[in-house]
2 protein chains.
Amino acid sequence: MGLAKTEIFTDEQNQISVFAKAFGHPARVAILQHLFKIDTCFCGDLVKEIGLAQPTISQHLKELKYLGLIKGTVEGTSVCYCIDMDNWKEMKDLMTAFLGQDLLPKDECC
Amino acid sequence: MGLAKTEIFTDEQNQISVFAKAFGHPARVAILQHLFKIDTCFCGDLVKEIGLAQPTISQHLKELKYLGLIKGTVEGTSVCYCIDMDNWKEMKDLMTAFLGQDLLPKDECC
DNA sequence: TTAATTCATTGCAATATTACGATTAATATT
DNA sequence: AATATTAATCGTAATATTGCAATGAATTAA
């Protein structure tokens, strides 16, 4: 096993879990926070910023890129990474709706 | 390896990733959605509701309980699970702040 | 051209996760 | 007491994730 039985869940549930999994590692959280923080286009010293080896960072970036949360543009020998705002907002809406379920009316229990 | 180097990240980054990981499986998303949806206290037919074996559901519930997102009260032979609203709201604030970084003022790039 | 820089990819070891059958523990019912 | 019900735990197999050294590909600098 070791793999989720995605076929028995709704698309929404699977999507939420896929995005959540992306945030399920502190390195990816740190990468995204850094990309948001810097106000100029970022061009590649994430390895120094975060204390992980270059292949490791590269792998995390690949996952975020695969999900569409970031995009990378090649500039000479470096690559400029930044948040893909359209996709980020879409993901944010999905996650916000999930997190905001506590606002729906319901009876008290327990 | 196979384990995250949590010591090089901030508490906030680690906390976000820990909660996100909880949502990183569709079964746990489904469990939480179900606990939110039902308006009476839920008492244990999650196994029927979701199509996974009882030990598997029990394991997912354990993780959610460990994080404090749900609480379970024993009632006879069954256990009544429900969302821990206080902790949920705390988690929600943390995640919302992370997701809402796109609202901070920043220059355009890329 | 040669060397340097930057980042991606490959391959691998260590660990984590998912799922479930079998069992156990606790309470309810008869 | 004997049986049934409910849910937790144990053990285990299959797969995923994390991290990095080594290497490769592309571009730039000398």
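Taken over region B:39-51, the criterion of being of a type outside the set (S, T, N, Q), surrounded by fewer than 16 Cβ atoms within 10 Å (Cβ to Cβ) and modelled with pLDDT under 90 is satisfied by B:ASP39, B:CYS41, B:ASP45. Being within 22 Å of B:PHE19 (Cβ to Cβ) and over 11 Å from the mean Cα position of the chain (by Cα): is that true of A:PHE36 here? Spelling it out, A:PHE36 is indeed within 22 Å of B:PHE19 (Cβ to Cβ) and over 11 Å from the mean Cα position of the chain (by Cα). Residues that are exposed (fewer than 14 other Cβ atoms within 10 Å of the Cβ), within 11 Å of chain A (Cβ to nearest Cβ) and within 14 Å of DNA strand C (Cβ to nearest atom) were ranked within region B:52-87; the one that is farthest from the chain's Cα centre (by Cα) is B:GLU75. Within region B:17-51, being more than 10 Å from chain A (Cβ to nearest Cβ) and within 10 Å of DNA strand C (Cβ to nearest atom) holds for one residue alone: B:VAL47. Checked against (1) of a type in the set (Lys, Arg); (2) touching a strand residue (DSSP E or B) at 6+ places or on another chain (Cβ under 9 Å); (3) assigned to a helix (DSSP H, G or I), B:LYS21 passes all but a single condition, namely (2).
Modelled with pLDDT of 95 or more, of a type in the set (Gly, Ala, Ser) and assigned to a loop (DSSP other than H, G, I, E, B): is that true of B:GLY68 in this structure?
Values: modelled with pLDDT of 95 or more: yes; of a type in the set (Gly, Ala, Ser): yes; assigned to a loop (DSSP other than H, G, I, E, B): yes.
Taking the combined requirement at face value, the residue satisfies it.
Across region A:49-62, not a single residue is classified as more than 9 Å from DNA strand D (Cβ to nearest atom) and in contact with a Pro (Cβ under 8 Å, 6 or more places away or on another chain). Within region A:62-86, residues that are closer than 11 Å to A:LEU35 by Cβ reach partners that are near DNA strand D (Cβ under 10 Å from one of its atoms) and small (Gly, Ala, Ser) with beta carbons closer than 9 Å, at six or more positions or on different chains, in the pairs A:LEU64/A:ALA22; A:LEU69/A:ALA22.
The values are calculated or read from the model by the stated rules, or taken from the named source; none is laboratory data. Keep in mind that this is a model prediction, so the values were computed, not measured. With ideal geometry, Cβ positions are generated from the backbone for all residues, glycine too; neighbour counts draw on all protein chains shown.
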